[in-house]
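The values are calculated or read from the model by the stated rules, or taken from the named source; none is laboratory data. Not measured: the values here are computed from a predicted model. We place every Cβ from the backbone using ideal geometry, glycine too, and count neighbours over all the protein chains shown. Heads up: the accessible areas ignore ligands, DNA and RNA and are worked out on the full protein's heavy atoms, side chains in. Shrake-Rupley method; radii C 1.70, N 1.55, O 1.52, S 1.80 Å.
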Amino acid sequence: MRTLTHSVDQDKTGSAVASASLRWLPTLIAVSLALVLCPTIYSQPPADFVEQTLLAQDIERLESELDSIVNATSTSGAAVAIVSRDSIIWTGSFGLANIETGEPVTERTLFCIGSCTKSFTGLGILKLVDEGVIDVNTPVREIAPEITIDNSWEDTDPVRVVHLLEHTTGFDDSHPNWFYFDGPVLTLREALDKKAHLRKARWLPGTRFSYSSVGFNVAGYVIEKTYGQPFEECLKNEILTPIGMANTVVGYSQSSESPKAVGYDRNIEPILQWYDYDIPAGAIFSSVEEMAVFVQFLLNRGSVGDRQVISDSLFDRIGRPTTTLGARNGLPSGYSFGIGTRYRAGVKWLGHSGAVPGFVSEYYYSPDAGLGFVVLQNSFGIMFDSDVFDRVWEFVSSRVDSLPEPLSEPLQCEQLRSYCGYYEPRNPRLQLTGFIELLTSGVDIFCENDTLYTQGMGEDRSPLVPVTGNLFRRSRDPEATRAFIETADGEMVYASQGSYYEKTTIWKTYLRRFLVISALVLMLSSIAYAIFWVPVYVFKRLTRKENLCRYPSMRLIPLLAVLALVAGIAKMADQTLLEFGSKTTLNAIFYVSTLIFAALSTLSLYTTYRSFSKQVKTVARVYAILLSLSCFGMTLYLGYWGIIGLRLWAY
């Protein structure tokens with residue numbers, strides 16, 4: 001901490017003062033009064049000193065709090081940096097890089113930064129654009145015809161390079177088995193061939209945002225083929241080294257002088273060495289020291305010292321998509337070139353986050369405030385402690401002033417009412433889990449007192465502030481972030497930078513929810529009911545009572561079906577992130593349990609049908625009918641979405 005000191009020369013002899021002439025007395029009195037009445041003339045330090053002192057005190061407090069968080073949670077280690085355009089303001093290291101050896105995290109410790117890798121791949125393409133080598137509107141088939149893409153609209157709407165960079169290809173995201181354990185490390189082309197089935201456009205390319213690492217793998221191959229070198233070398237030579245990230249490595253074949261942190265799961269158990277099929281999308285290893293340099297590079301719009309690595313003007317394209325339906329209808333910000341937009345407390349931030357088994361990372365920067373940060377952590381399972389990230393966000397947010405809110409444009413009530421209705425999500429990140437989004441993630445748009453509101457399931461309503469025409473924003477957003485769009489087919493769409501909803505009749509959603517929830521309640525009730533009737537039935541069998549249940553199969557078969565499904569889901573869920581995509585015993589149990597559930601659910605319909613020829617109480621028969629229909633209906637529903645017979649290791 002810098003301190004300001006004042007030095008005052010002192011007389012070594014008192015006689016010099018005693019012999020001073022009395023004619024100086026009035027001047028001395030005047031000066032004394034001035035110092036007393038206006039102490040700030042002398043005692044107030046410069047404004048920049050005060051600011052730096054307060055910043056140092058705040059950072060000291062932040063460092064202490066982060067140290068306490070790491071010690072108090074299941075976070076094994078973390079590294080943090082606060083950055084401005086002119087300097088690396090502060091870096092801090094906490095906890096252990098390797099618990100077994102006791103090696104501490106340092107500024108040079110390498111963490112896997114996961115999906116933050118996409119930002120570097122995006123910049124690799126941006127550099128090719130800067131060099132005039134490629135046009136991002138070029139169809140991928142023209143650059144790499146050997147990379148097959150299943151696209152029903154290929155003749156009129158091919159997948160283009162820009163779609164890869166804005167997550168608008170329509171591809172699924174990487175499936176749970178996006179990694180492998182046994183070497184040798186695959187080349188990028190080999191990995192793409194291995195996962196060719198994921199390159200399927202689920203809707204018209206260039207319309208909806210849907211996050212997909214698959215597209216960035218293809219973008220990495222475009223870089224590789226254009227330069228004629230392996231992707232890892234291209235990124236190292238063209239982006240990392242020029243920026244000043246000499247110790248950062250891409251993939252698993254490069255070496256570095258800096259040590260790598262060990263990744264840990266939610267139980268602080270070390271995670272096995274694994275390899276990623278998606279190297280251009282998630283396999284860079286970097287330190288907080290060099291990631292801070294990267295954020296500074298972004299804040300300075302592509303310059304390092306006096307050298308411009310990528311043209312300044314091209315940075316206007318970062319975080320500004322052009323292909324989504326929302327972007328084409330006026331939304332100014334979103335995701336492009338591997339960098340996304342986030343709004344927090346009235347401030348617009350650009351950056352990315354990443355999460356892979358054992359590691360979680362995040363960097364964001366505010367071009368308007370000239371401030372950014374990096375957080376790296378070597379503990380991540382299915383869940384992780386986000387306290388370090390939350391505290392850093394609080395710190396940087398407190399040091400940035402909110403942007404002025406744009407003026408609102410009053411709209412006619414008739415126009416507002418035209419937007420009202422229920423909207424369903426239609427851009428699932430994984431098609432496999434799309435049914436969950438349909439059940440839980442729809443939004444209701446309604447108008448009260450000339451104000452438009454949005455409300456999701458189980459959420460508080462939130463006002464939408466009109467910006468202009470069909471564009472809206474949330475109350476603290478500094479620019480338009482929501483749009484209502486009428487498609488060529490006459491459908492109404494509600495879109496943001498990352499969401500895409502289509503207007504539908506609400507009764508369909510309510511009916512779907514009612515049927516699914518009712519089926520689940522009935523199915524689970526069979527377990528609760530069994531707690532009573534099974535012991536009673538067993539007791540009566542053992543004691544040879546005459547009033548036994550006349551047709552126990554009517555109760556037992558649907559019960560076994562439900563138990564099989566519940567057990568399979570419970571076993572499958574009790575795994576680490578890596579195990580989800582592996583051929584484990586628990587995944588095999590889940591696979592078999594879904595088939596058993598389907599078989600027993602079908603059989604339960606038959607046993608219920610046969611109950612009409614048995615002496616069964618009416619109430620019991622009605623319950624059995626409803627239960628068997630619930631089980632069979634759930635079989636059809638889960639089968640439609642691909643859950644029945646799902647082999648996670650081969651999906």
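The Cβ shell under 11 Å around TRP533 holds other residues with a net charge of +2, Lys and Arg each +1, Asp and Glu each -1. Working from Cα positions, state the angle (0 to 90°, nearest 10) between the long axis of helix 213-227 and the longest principal axis of the chain. Value to nearest ten degrees: 60.
Contact order, relative form, for the chain: 13 percent (alpha carbon pairs under 8 Å, 6 or more residues apart, mean separation divided by residue count). At what distance in angstrom do the alpha carbon centres of the range 288-344 and the range 549-590 lie from each other? After rounding, the separation between the Cα centres reads 46 Å.
In this structure, the pairs whose alpha-carbon distance is over 20 Å, taken from LYS127/LYS225; LYS348/LYS503; LYS236/LYS348; LYS194/LYS225, are LYS348/LYS503; LYS236/LYS348. Among the protein heavy atoms, those of ARG344 account for about 80 Å² of accessible surface (1.4 Å probe, every chain in place).
Mean separation of Cα pairs under 8 Å and 6 or more residues apart, divided by the residue count, gives the range 229-344 a relative contact order of 19 percent.
Taking 0.36 nm per residue of separation and subtracting the Cα-Cα distance, full extension of the segment from TRP153 to GLU459 would add 106.4 nm.
Of all aspartates and glutamates in the structure, those lying under 19 Å Cα to Cα from LYS508, and not within fewer than 8 positions of it along the same chain, are GLU424, GLU437, ASP444, GLU491. One Cα centroid belongs to the range 358-435, the other to the range 203-263; the line between them spans 25 Å.
Using Cβ point charges alone (K and R +1, D and E -1), the dipole size of the range 146-218 about the Cα centre works out to roughly 140 debye. Per residue, the chain reaches -12000 deg cm²/dmol at 222 nm when only DSSP H runs of four or more residues are counted, each adding -39500 (n - 2.57).
The charge dipole of the chain, taken about its Cα centre with unit charges on the Cβ atoms of Lys, Arg (+1), Asp and Glu (-1) only, comes to about 3460 debye. Annotation: average projected area of the chain is 45.0 square nanometres, based on the convex hull of Cα atoms across all directions. The solvent-accessible area of MET572, taken with every protein chain present and a 1.4 Å probe, is close to 30 Å². Within the straight-line cut-off of under 19 Å between alpha carbons, the aspartates and glutamates reachable from LYS571 are ASP265, GLU579, sequence neighbours fewer than 8 places apart in one chain being disregarded. Net length available on complete extension from GLU257 to ASP58 is 68.3 nm, with 0.36 nm assigned per residue and the Cα-Cα distance removed. Between VAL140, PRO410, PHE514, the Cα set farthest toward the positive side of the dipole of the chain (charges on each charged residue's Cβ, about the Cα centre) is that of PHE514. Protein-only accessible surface at a 1.4 angstrom probe places the residues ASP460, ASP193 in the order ASP460, ASP193, largest first. Spatial offset of the range 114-148 relative to the range 155-195 amounts to 13 Å, using the alpha carbon center of each. Cβ-Cβ distance of TYR529 and ASN137, R₀ of 56 Å, FRET efficiency by 1/(1 + (r/R0)^6): the value works out to about 0.35.
Each Lys and Arg Cβ is given +1 and each Asp and Glu Cβ -1; about its Cα centre, the range 493-580 then shows a dipole of about 520 debye. Other residues whose C-beta falls under 15 angstrom from the C-beta of GLU491 contribute a net charge of 0, scoring Lys and Arg +1 and Asp and Glu -1.
PHE380 sits with roughly 20 Å² accessible to a 1.4 Å probe, with DNA, RNA and ligands left out of the calculation.
Ranking CYS420, TRP533, GLN615 by how far each Cα lies toward the positive end of the dipole of the chain (charges on Cβ) leaves GLN615 at the top. Could you state the angle between the C-alpha long axis of helix 553-573 and the longest principal axis of the C-alpha atoms of the chain, as a value from 0 to 90 degrees rounded to the nearest 10? Around 20 degrees separate the two axes. Computed from the alpha carbon atoms alone, the convex hull of the range 115-191 holds 128 Å³ per residue. Against the chain, whose longest principal axis is taken from its Cα atoms, helix 506-542 shows a tilt of about 60°.
Sites listed here are GluC sites (Glu not before Pro) in the range 68-135 whose DSSP assignment is loop and whose Cβ has at most 12 other Cβ atoms within 10 Å: GLU100, GLU131. Protein-only accessible surface at a 1.4 angstrom probe places the residues TRP349, TRP649 in the order TRP649, TRP349, largest first.
Positive contributions from Lys and Arg (+1) and negative ones from Asp and Glu (-1), summed over other residues with Cβ under 11 Å from the Cβ of LEU376, come out at -4.
Listed by chain and number, the aspartates and glutamates placed with their C-alpha closer than 14 angstrom to that of LYS200 are ASP150, GLU154, ASP157, ASP172, ASP173; residues fewer than eight positions away on the same chain are left out.
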